[in-house]
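Trainee: Can you read through this structure? Questions will come right after.
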Amino acid sequence: MKYLEQRETRAHGTFDFPFDYYNIKSNHPRYYMLEHWHTEYEIIRVNKGEFHANLNGHKHIGKEGEIFIVPDGVMHGGTPRKCQYECLVFNLHSVIELSPICKQLAQPVLFGSSQFINHITNCDEQLRASADKLFSSLASGQTYAPFQVISATFDFIGRLLENYTEERVEKSRETEMRSVSRIKDVLRLIRNHYHEEITLDDLATSAHMNKRYLCRYFKEVMGRTPMRYLNYYRIECACELLATSDRTVSEIAMACGYRNISYFTRAFRTLKGVTPSEFAKVH
């Protein structure tokens, strides 16, 4: 069982309604957002506390009421701090296709010279109200909610286009994407083989870097060394299994790449502040 596909391959929503909604609280098995990417846009709204986000290696601290706009293909993750947050993952291109005039107006962001501001810290009243309508419609689950969701999405995107775009520096963006692609290669290896033995040599080979440079660059982008991130990833995988399965602690440790149960317990306590058994009791 994989905790989270870093390059998510599943469809978000359906073909007719390409929206997925998540309301994340501290007891959610995916409370910590591991770095990942997908072909859809994502809107993250911080409702309480702080959300320490990483967008292609750029660090942001989102506070209550602030919003992140994550474009397709951007590697993103985050560490919540006493936080409650909501996420909307949706196919912007599919939504825009519903209206030819809106598609035309959105061309600069979709294919051209501008981009949405990634971290909106100063939401005006109109954007805040639009976000409230969008997320509340998604959360309602009512039969006719799709009407409100689609309407609110167009309103939200329109307000972003009007007041929350900035110039895209294409050369800088291309350089950044090439650099981040190496980190993605490391994350793919971790995702696919975290339950096996992985060495620093393996990770460096996947990124086509020497070990010393990989450690320095990976820590700069991810905030952890590659091997510390591997341990973090494994512990988050274990958290989901502890919260959603009936496996024993020993079975979960083995499934997440730990051959020594005592080491697994120590590593888990270091990152989570409790033992695996204590974590399972409250999740």
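The values are calculated or read from the model by the stated rules, or taken from the named source; none is laboratory data. Computed from a predicted structure; not experimentally measured. Glycine gets a Cβ as well: all are built from the backbone with ideal geometry, and neighbour counts include every protein chain shown. Surface areas here come from the heavy atoms of the whole protein model, side chains and all, with no ligands, DNA or RNA. Shrake-Rupley method; radii C 1.70, N 1.55, O 1.52, S 1.80 Å.
Residue-by-condition table, conditions (1) open to solvent by less than 60 Å² (accessible area, probe 1.4 Å); (2) touching a Phe, Trp or Tyr at 6+ places or on another chain (Cβ under 7 Å):
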residue: 38; (1), (2): yes, no
residue: 63; (1), (2): no, no
residue: 68; (1), (2): yes, no
residue: 79; (1), (2): yes, yes
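Trainee: Inside region 140-151, can you point out the residues that are open to solvent by less than 60 Å² (accessible area, probe 1.4 Å) and hydrophobic (A, V, I, L, M, F, W, C)? Working first, answer last.
Mentor: First, the residues of region 140-151 that are open to solvent by less than 60 Å² (accessible area, probe 1.4 Å): 140, 145-146, 149-150.
Of everything in region 140-151, those that are open to solvent by less than 60 Å² (accessible area, probe 1.4 Å) and hydrophobic (A, V, I, L, M, F, W, C) turn out to be 145, 149, 150.
Trainee: Hey, among 40, 64, which residue is within 17 Å of the chain's Cα centre (by Cα), within 22 Å of residue 136 (Cβ to Cβ) and acidic (Asp, Glu)? So that I can check it myself, show each step before the final result.
Mentor: Values: 64 fails: within 17 Å of the chain's Cα centre (by Cα).
Just a single option satisfies the conditions, and that option is 40.
Trainee: To continue, here is another question. Hey, does region 77-93 have a residue that's within 21 Å of residue 181 (Cβ to Cβ) and touching a strand residue (DSSP E or B) at 6+ places or on another chain (Cβ under 8 Å)?
Mentor: Start the filter on region 77-93 by keeping residues that are within 21 Å of residue 181 (Cβ to Cβ), which leaves 77-78.
Restricting the remaining residues to those that are touching a strand residue (DSSP E or B) at 6+ places or on another chain (Cβ under 8 Å) gives 77-78.
The answer is yes, given that some residue of region 77-93 is within 21 Å of residue 181 (Cβ to Cβ) and touching a strand residue (DSSP E or B) at 6+ places or on another chain (Cβ under 8 Å).
Trainee: Would you tally the residues in region 124-135 being free of Cβ contacts under 8 Å to residues at least 24 places away in the same chain and surrounded by 14 or more Cβ atoms within 10 Å (Cβ to Cβ)? Spell out how you get there, then give the answer.
Mentor: Initial filter on region 124-135 (free of Cβ contacts under 8 Å to residues at least 24 places away in the same chain): 125, 129, 132-133.
With the extra rule that they be surrounded by 14 or more Cβ atoms within 10 Å (Cβ to Cβ), the set shrinks to 129, 133.
Counting residues in region 124-135 that are free of Cβ contacts under 8 Å to residues at least 24 places away in the same chain and surrounded by 14 or more Cβ atoms within 10 Å (Cβ to Cβ) gives 2.
Trainee: Now for a different question. Residue check, residue 84 against (1) without any contact (Cβ under 8 Å) to a residue 60 or more places away in the chain; (2) open to solvent by 30 Å² or more (accessible area, probe 1.4 Å), all met but one. Which one?
Mentor: (1)
Trainee: Now a separate question. Is it the case that residue 86 is over 18 Å from residue 164 (Cα atoms) and in a strand (DSSP E or B)? Give the steps one after another, and end with the answer.
Mentor: Values: over 18 Å from residue 164 (Cα atoms): yes; in a strand (DSSP E or B): yes.
Here the answer is yes, as residue 86 does meet what is asked.
Trainee: Name the residues in region 100-122 that are of a type outside the set (A, V, I, L, M), in contact (Cβ under 8 Å) with a residue 24 or more places away in the chain and touching a helix residue (DSSP H, G or I) at 6+ places or on another chain (Cβ under 7 Å), would you? Can you show your working first?
Mentor: Initial filter on region 100-122 (of a type outside the set (A, V, I, L, M)): 100, 102-104, 107-108, 111-116, 118-119, 121-122.
Keeping just the survivors that are in contact (Cβ under 8 Å) with a residue 24 or more places away in the chain gives 102, 108, 112-116, 118-119, 121.
Of everything in region 100-122, those that are of a type outside the set (A, V, I, L, M), in contact (Cβ under 8 Å) with a residue 24 or more places away in the chain and touching a helix residue (DSSP H, G or I) at 6+ places or on another chain (Cβ under 7 Å) turn out to be 102, 114, 115, 116.
Trainee: Follow-up. Within region 89-98, identify whether any single residue is crowded, with 19+ Cβ neighbours inside 10 Å, within 19 Å of the chain's Cα centre (by Cα) and among the β-branched types (Val, Ile, Thr), and answer yes or no.
Mentor: Yes, there is a match, as at least one residue in region 89-98 is crowded, with 19+ Cβ neighbours inside 10 Å, within 19 Å of the chain's Cα centre (by Cα) and among the β-branched types (Val, Ile, Thr).
Trainee: May I ask you to list the residues in region 18-28 that are in a loop (DSSP other than H, G, I, E, B) and open to solvent by 40 Å² or more (accessible area, probe 1.4 Å)? Spell out the reasoning first.
Mentor: Initially, region 18-28 is screened for residues in a loop (DSSP other than H, G, I, E, B), giving 18, 25-28.
Within region 18-28, 25, 26, 27, 28 meet the criteria.
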